[in-house]
Structures are given as C-alpha cells and as structure tokens.
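**Student:** Below is a structure I'd like to ask you about.
The values are calculated or read from the model by the stated rules, or taken from the named source; none is laboratory data. Everything quoted here is computed from the prediction, not taken from an experiment. Cβ sites come from the backbone with ideal geometry, for glycine too, and all protein chains shown count toward neighbours.
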Ligand code: HEM
Ligand code: SF4
C-alpha cells in the first residue's frame, strides 16, 4: 500500500497544527460558528444529535494493521470503544469531544492517517473496488490512480469552497464494485481500440434527493491527462454550479441544466489551457504510484491440491464450508481466497466494530493476509490475500468474535446509515429497522434461497445509506411528526445501474418486516428458475409487488 | 487610511475604493467591472470583480491593468479562487487583491491561487492573520506559488 515520504508527512502534520490553532481560536471565541463550520467539516468533524462525529479518511478503503490498532486505541481513549465503517469506506467515531479532536488527528498522523476533506464542500475521499489488485475480473489496479487523485485533491487551493461536496470513484474491473455511475465523477479504466488502457470519464451521477446516473463526457482519456481533465471539470463546476440553493448545488444539477454536450464543451474549453501543463502526469509519477501496489510476496501454492484440501475441510465441517461459500471469493493467485469479514450480525448496527474486534482483525491480517485490510462501501472489512490452508484457523477466530456471519451479498448484509439514533438530519431511525429485518429473516436457508440481494436503508433523503440503489431500498420519511418508511424497488449499483422506483405510500416501523416479507414471497412466487430478485423485478415490473403489499396492508 | 496585507506585510492602501455613483473613476481608483468596461481612459484605474463576473472580459487588457480586486461577499463562495487562477494563467502580473469577507484561514489557498494582496473586512486581525499565510510550506499541487506539482519534484522516483 502507499507509504508516506517526508513530503506527505509534513503536509499532514502541518494540517494538524493548523486545525489545532483553529480549534483554540474557536474555543476562545475568535472564530464564529459560521466561520468554523467549513474548517471543522474539512477536518472530518460534524456536530451531531448526541455528540460530535468524526469521519476519518480511509483512502480508497485500504488500511494496514498498525492503522487498525491505532484506531482501536483512539476509540478507547477518546470514544466509547467502537467505530463505524461508512458507506464511503471511511471510519466514523460517534462520540469524540471537540476539544480533543486535534489530539485525535495528531494520533492519526503518526500512522499516516487523517480526516482531511471527509466532509464539507470539497473533493472527498476517492473510493474504489474493495477487491482491487486481487479480483479476477480486473483490467488494471485502480489504486495507483486513486492515490494520485488523493494527493492532487488534498488541500487543493482552488477547490476547497465548491458549491457542494464532490465525490470521485474509480473502477478497473468488468464488474463495477465502486458505484461509479453514482458519483460526481466516475472513472473507469478501459482499453481503446489499440489496446492501450485509459480512462472513461462519467460525470453527474449521484444519490441524495435527486438521484442521477452519470453521463459519459469522455470515452477514452490518456491517463497522463487525468489530473488536468479533472481540474477542468472541477473548474467548470466551481464557476457555474449553483450556489443559491444547496439542494440544487451538486454537479448533477449543473450537467442536467447545461445538457451533457454543452457541459463537455465547457470542460474542453477549460481544459485547453490546462492540457499538457505541469499537472500532466509523467511516466515516473505513474510508475511511482504503481510501485506501491505491487503484488505481495505470494507463496507458490499448488492450486488444485489446496482446493482439494479446502473442499475436504468444508465437508468435514459444514458450518465452515458454508462460510467459505458465502464469505470468501476466488483470488487471482492459485491457492488464495479473498475473505470478507462480516460486520452484519443481528443485534449490532451494520458497520459497527469494537476496539477488540479491530485489534483482532489487525492480528489476523498480520497472520494471514500480509497485514492489509480493506473497508467496503457495503460496510464490511476484507482480508484480501488469505492462503486457502489458513482459512480454517482464520474462520475459527472470526467466528468466536462474531465476525463470521455467513451473509455477504445476501438479504441480511444490510447497508444502513446511522439514522435518527445519531444523525440530526434524520427523518426516522434506520438502525432498528435493519435489526428488525435481520431478526425476522434469521433462517439462513431461506436467506440463501433468496439469492443475491441488496437491501439499503437511509434515515432521510440525503441517502447516506444508498437506498436508491438497493434492490430493495428503505427511506425514512416524516409524516406529521411520525416516523414512516417508504420502500423502493429495483435499484442497482452495477454497470447496468438503475434507480429504485417507489412502491407506494409509506409504512410504520412495526410493519416493515412484514412488508419486506411480502415483497420477498412475491418474488419467490414469480421467479423463474435461478432468476435473481433484481432480474425478476426487471422482468415483471413493480405492479405485482405493489398489489400484494397493499392488498395485505389494507 | 485603510490597511491590507501585501506581499506578506501589512501596509497602507493607496487605492481609492469603489464608488458606484461615479461615472468616470479616475487613475488610482477602483472601478466596478461595468464602470471599467465603459471607461474611455482606463489608465491607472483598478477593477473589481464580483462572484458572478467571470474575468474573461478582462483578458484582452491584462497587460495594462494595475489592480484587479476579486470580491468575496461571503467566504464560502469559492468562485474567486478559480477566477484568480485563470487571470494568472492568462498572464496577468499586476496586483491581485482579495476583498470582502474571506477569512484568514483561507489565506494560504488564496495566495496559492495567485492573490498577492488581502484586504479583510475586519482590519483588526490583519497582523495576526499574517501567520496564516504560512500554515503550509509543502504542497501537492502546482499553483501560482509553486509551478511544479509534488510528483515532478519528489527527490527520486522509485526505480
Ligand atoms: C451522522 C451524520 C451524517 C450527516 C449529518 C450526513 C449528511 C449528509 C448529507 C447532508 C448528505 C447529502 C448531501 C448531498 O446530496 O448533497 C449526505 C450524503 C451521503 N452521505 Fe452522509 N451524513 C452522515 C453520516 C453518513 C454516514 C455514517 C455515511 C456512511 C454510512 C454517510 C454516507 C453518505 C453517502 C454515501 C452520501 C451519498 C450521497 C451522495 O453523495 O450523493 N453519511 N450525507
Ligand atoms: S441519510 Fe439522512 S439520516 Fe441517514 S445519516 Fe444521512 S443525513 Fe443522517
């Protein structure tokens, strides 16, 4: 993974010193609330319902065991002993004290971490495929590009006061696991007719109150132009994005208002002064970034033999076998598997992880996976490089710590925002809904029979829980001061991206498990063999679901 | 006399402020963009841009302008950062002044975008604000104060 040199360290250290001074001045009354707001947001600090919330950046979801141990220590010393993995691969603390945030940032800086630009109207943490570098369907590793973007966007002097936040995602594989269609800018590594790998550029996707799918503004861009082209897009947005209404300020609204062709033209125009300038990437810069993501020292393993042994172990212990089937994936190296550590056990908020669990995962990463850990936007963790022969001892440790719920990619692997329990913008609580659904569907055989299913929950239309792109989405709404839940169906974050359609009038919290139950049994009745929920929905449309759900409700 | 930060020090401002009622701002005075474009004799005048006024109309005149002020009515409206860069990229070498309600914590970014003078709404904090000009001494990006991005300056590329 990327390792700081003295330059990176200096920048991060100076940022900590700057924010320490700003916090002191704020507490002394020398900076007003309004002025302090963007300063603290751009250092990851929200002031929330119960306490401040600190969002720590995990650049493109990659961490090492030292960083995980530091996070565990921070949650113990400064918080309540647990952390939360966000849907943008970051880590959130729910209970830090404002006065102590500079100390937390200083602690983070000792392990090459920070909270820079994790909120506020600036370029946010760049996200990518959680299986980057190990996935079988990868064309090229997206992480070097993410790191180049991280450096370029960190404290960029021109783009710290944009009309609204700005999110970039990069994907380098056939299957899109980074939701690039739903970001302000989505970049996809792909080959042109000559076989040379460059970037397809999408712009104007997003969620929130106006969900949108990104439009292509460049079919293929030479990698060396990546930063100047991004800079041109950001500049057009900075100059022309709406600033009069924060709900219309995202770039998707600008792209829609201008039309994608006019927008592209404005970008090209702006790019003409930046193209081939000093910010054009050099071969050395690309090579340097790439060098940090070289494959680790894989052992040479006899693949078929290792697979046969693993199969035998799975047969001996079917519970282990089931976990291998559900929570591990094939790896591009013979004899290795990719392991997802499930943070979705019933009774615990999706994405929450305790200090002890963080330390355990750090230890297991050191023992079995080259000391690296990835966070996913589905709010789980991943150990990317586990030798097959080590899966059994790994599973035993995870199992004992409640981190082996065999549900990855299934109904109960719910994505869920913090909602009304923590968030001051919420219309409704989201965590109890997630828990009620997980509790209702505790029969794993039924859950597996339902096949791959994404259920996403947000507590308000800001859509932090990605409800629009869940196969089933749940949105908290306010009905005359009461908490209600709207359901949408048919969303997808894949390359065949789609936005969910609203089923109909909203429901009370108590009704939600029944509503989900009816939707699922409707699917089971209608599906043709092997057909997934999403495919059935796409074939039959929303009406059959609507009829069944509302027939029962009334 | 009003004061401002110029080239890293607090100095008196010798420019006459904008007067929207005047039809012919004179040398030594700052004009609004509209006033300035209508001036027959532009010599020695300065011009002030508001957030909705892109600098492009000034491009043909950049060599003859002594002062361009970019006004920040609210500090969160960041359009002026891009305007400044565009002016510098198009070869403007005169004084580029930030005016209005920006805050001292933005000084490093403003300076990097090409501003060399800072007139703050509240003058009382000018001396203290000087410190914020050097919150950072190392940067990733190319900008007006550092023409090469860090990736072109790193001591040695890994072999
Ligand atoms: C608890 C405090 C939080 C607050 C106050 C908050 C606030 C917001 C707001 C206002 C938006 C909408 C912005 C817009 O569309 O322009 C938003 C979007 C979003 N938030 Fe949060 N959020 C919080 C927590 C979280 C958490 C915990 C996650 C991850 C689990 C998260 C992930 C996201 C994502 C992925 C979006 C995507 C929408 C988009 O970019 O279009 N947020 N948040
Ligand atoms: S979706 Fe709404 S309720 Fe949930 S975290 Fe975001 S802002 Fe808060």
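Let's see how each residue does on (1) crowded, with 20+ Cβ neighbours inside 10 Å; (2) within 30 Å of residue A:4 (Cα to Cα):
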site	(1), (2)
A:261	no, no
A:267	yes, no
A:279	yes, yes
A:294	no, yes
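**Student:** From the list A:275, A:223, pick out the single residue that is closer than 18 Å to residue A:168 by Cα, more than 10 Å from chain B (Cβ to nearest Cβ) and at pLDDT 95 or above.
**Tutor:** Answer to the check: A:223.
**Student:** Considering only residues that are touching a strand residue (DSSP E or B) at 6+ places or on another chain (Cβ under 9 Å), assigned to a loop (DSSP other than H, G, I, E, B) and at pLDDT 95 or above, which ones fall in region A:86-111?
**Tutor:** Of everything in region A:86-111, just one residue is touching a strand residue (DSSP E or B) at 6+ places or on another chain (Cβ under 9 Å), assigned to a loop (DSSP other than H, G, I, E, B) and at pLDDT 95 or above, namely A:111.
**Student:** Restricting the search to region A:413-463, which residues are under 17 Å from the mean Cα position of the chain (by Cα), more than 11 Å from ligand 1 (Cβ to nearest atom) and surrounded by 24 or more Cβ atoms within 10 Å (Cβ to Cβ)?
**Tutor:** A:413, A:414, A:455
**Student:** Are any residues in region A:471-498 at pLDDT below 95, within 14 Å of ligand 1 (Cβ to nearest atom) and touching a strand residue (DSSP E or B) at 6+ places or on another chain (Cβ under 8 Å), and if so, which ones?
**Tutor:** Correct list: A:491 only.
**Student:** When only residues in region B:112-136 that are out of contact with any strand residue (DSSP E or B) (no Cβ under 8 Å at 6 or more places or on another chain) and more than 7 Å from chain A (Cβ to nearest Cβ) count, which is surrounded by the fewest Cβ atoms within 10 Å (Cβ to Cβ)?
**Tutor:** B:124
**Student:** Has region B:92-99 got at least one residue that is at the interface with another protein chain (Cβ under 9 Å from one of its Cβ atoms), at pLDDT 95 or above and either surrounded by fewer than 22 Cβ atoms within 10 Å (Cβ to Cβ) or assigned to a loop (DSSP other than H, G, I, E, B) (or both)?
**Tutor:** Within region B:92-99, the subset at the interface with another protein chain (Cβ under 9 Å from one of its Cβ atoms) is none.
No, the conditions are met nowhere in region B:92-99.
**Student:** How many residues does region A:105-140 contain that are farther than 19 Å from residue A:71 by Cβ and within 16 Å of ligand 2 (Cβ to nearest atom)? Spell out how you get there, then give the answer.
**Tutor:** We begin by selecting, within region A:105-140, every residue farther than 19 Å from residue A:71 by Cβ; these are A:120-124, A:126, A:128-129, A:131-140.
Next, only the ones that are within 16 Å of ligand 2 (Cβ to nearest atom) stay: A:120-121, A:124.
Adding up the residues that qualify gives 3.
**Student:** Can you list the helices (runs of 4 or more DSSP H) lying wholly within region A:1-81 that have 3 or more residues being more than 10 Å from chain B (Cβ to nearest Cβ), more than 16 Å from ligand 2 (Cβ to nearest atom) and in contact (Cβ under 8 Å) with a residue 60 or more places away in the chain?
**Tutor:** Helices (runs of 4 or more DSSP H) meeting the threshold: A:6-27, A:65-78.
**Student:** Quick one: count up the residues across region A:180-217 that are under 23 Å from residue A:138 (Cα atoms) and within 16 Å of ligand 2 (Cβ to nearest atom).
**Tutor:** Counting residues in region A:180-217 that are under 23 Å from residue A:138 (Cα atoms) and within 16 Å of ligand 2 (Cβ to nearest atom) gives 1.
**Student:** A follow-up question, please. Condition first: crowded, with 19+ Cβ neighbours inside 10 Å and within 15 Å of residue A:429 (Cβ to Cβ). Can you find one or more residues in region A:490-504 that meet it?
**Tutor:** So far as region A:490-504 goes, no, none of its residues is crowded, with 19+ Cβ neighbours inside 10 Å and within 15 Å of residue A:429 (Cβ to Cβ).
**Student:** Which of the residues that make up region A:154-210 are out of contact with any strand residue (DSSP E or B) (no Cβ under 7 Å at 6 or more places or on another chain) and either over 27 Å from residue A:374 (Cα atoms) or not in a loop (DSSP other than H, G, I, E, B) (or both)?
**Tutor:** A:158, A:160, A:161, A:162, A:163, A:164, A:193, A:194, A:195, A:196, A:209, A:210
**Student:** Looking at residue A:322 and the list (1) over 28 Å from the mean Cα position of the chain (by Cα); (2) surrounded by fewer than 17 Cβ atoms within 10 Å (Cβ to Cβ); (3) under 24 Å from residue A:134 (Cβ atoms), which single condition is not satisfied?
**Tutor:** (1)
**Student:** All but one of (1) at pLDDT below 95; (2) crowded, with 24+ Cβ neighbours inside 10 Å hold for residue A:136; state the number of the condition that does not hold.
**Tutor:** (2)
**Student:** Now for a different question. Which condition does residue A:284 not pass, out of (1) surrounded by fewer than 22 Cβ atoms within 10 Å (Cβ to Cβ); (2) closer than 22 Å to residue B:88 by Cα; (3) within 14 Å of chain B (Cβ to nearest Cβ), if it passes all the others?
**Tutor:** Among (1) surrounded by fewer than 22 Cβ atoms within 10 Å (Cβ to Cβ); (2) closer than 22 Å to residue B:88 by Cα; (3) within 14 Å of chain B (Cβ to nearest Cβ), residue A:284 violates only (2).
**Student:** Let me ask another. Of all residues in region A:356-379, which are touching a helix residue (DSSP H, G or I) at 6+ places or on another chain (Cβ under 9 Å) and surrounded by 23 or more Cβ atoms within 10 Å (Cβ to Cβ)?
**Tutor:** Correct list: A:358, A:361, A:364, A:365, A:369, A:373, A:374, A:375, A:376, A:377.
**Student:** Let me ask another. How do the helices (runs of 4 or more DSSP H) wholly within region A:303-408 filter down when requiring 3 or more residues that are under 30 Å from residue A:125 (Cβ atoms) and touching a strand residue (DSSP E or B) at 6+ places or on another chain (Cβ under 7 Å): which remain? Give the derivation first.
**Tutor:** Numbers: elements: A:303-316, A:318-327, A:355-368, A:391-400.
Those helices (runs of 4 or more DSSP H) span A:355-368.
**Student:** Can you report the number of residues in region A:149-171 which are more than 16 Å from the chain's Cα centre (by Cα) and away from ligand 2 (no atom under 16 Å from the Cβ)? Give the steps one after another, and end with the answer.
**Tutor:** If we filter region A:149-171 for residues that are more than 16 Å from the chain's Cα centre (by Cα), which is where we start, we get A:149, A:151-164.
Retained after the next criterion (residues that are away from ligand 2 (no atom under 16 Å from the Cβ)): A:149, A:151-163.
Of the residues in that region, 14 qualify.
**Student:** For region A:215-224, check the following and say yes or no: at least one residue is at negative phi, surrounded by fewer than 24 Cβ atoms within 10 Å (Cβ to Cβ), assigned by TED's automatic domain parsing to the domain that holds residue A:153 and assigned to a helix (DSSP H, G or I).
**Tutor:** Yes, there is a match, as at least one residue in region A:215-224 is at negative phi, surrounded by fewer than 24 Cβ atoms within 10 Å (Cβ to Cβ), assigned by TED's automatic domain parsing to the domain that holds residue A:153 and assigned to a helix (DSSP H, G or I).
**Student:** If you don't mind, another one. Restricting to region A:226-252, give me the number of residues that are assigned to a helix (DSSP H, G or I), away from every other protein chain (no Cβ under 11 Å) and within 16 Å of ligand 2 (Cβ to nearest atom).
**Tutor:** Total satisfying the criteria: 1.
**Student:** From the list A:191, A:266, which one is under 28 Å from residue B:140 (Cα atoms) and touching a residue at least 24 places away in the same chain (Cβ under 8 Å)?
**Tutor:** So the residue among A:191, A:266 that is under 28 Å from residue B:140 (Cα atoms) and touching a residue at least 24 places away in the same chain (Cβ under 8 Å) is A:266.
**Student:** Which residue is farthest from the other protein chains (Cβ to nearest Cβ), if the candidates are limited to region A:425-442 and must be within 12 Å of ligand 2 (Cβ to nearest atom) and over 17 Å from residue A:86 (Cα atoms)?
**Tutor:** A:433
**Student:** Sort out for me the helices (runs of 4 or more DSSP H) sitting completely within region A:464-554 that have 1 or more residues that are under 28 Å from the mean Cα position of the chain (by Cα) and touching a residue at least 12 places away in the same chain (Cβ under 8 Å).
**Tutor:** Of the helices (runs of 4 or more DSSP H) lying wholly inside region A:464-554, those with at least 1 residues that are under 28 Å from the mean Cα position of the chain (by Cα) and touching a residue at least 12 places away in the same chain (Cβ under 8 Å) span A:512-526, A:533-540.
**Student:** Within region A:178-197, how many residues turn out to be surrounded by fewer than 22 Cβ atoms within 10 Å (Cβ to Cβ) and either at pLDDT 95 or above or at negative phi (or both)?
**Tutor:** Matching residues across region A:178-197 total 8.
**Student:** OK, next. Given (1) at pLDDT below 95; (2) closer than 25 Å to residue A:208 by Cβ; (3) in contact with a strand residue (DSSP E or B) (Cβ under 8 Å, 6 or more places away or on another chain), where does residue A:553 come up short, assuming only one miss?
**Tutor:** Condition not satisfied by residue A:553: (2).
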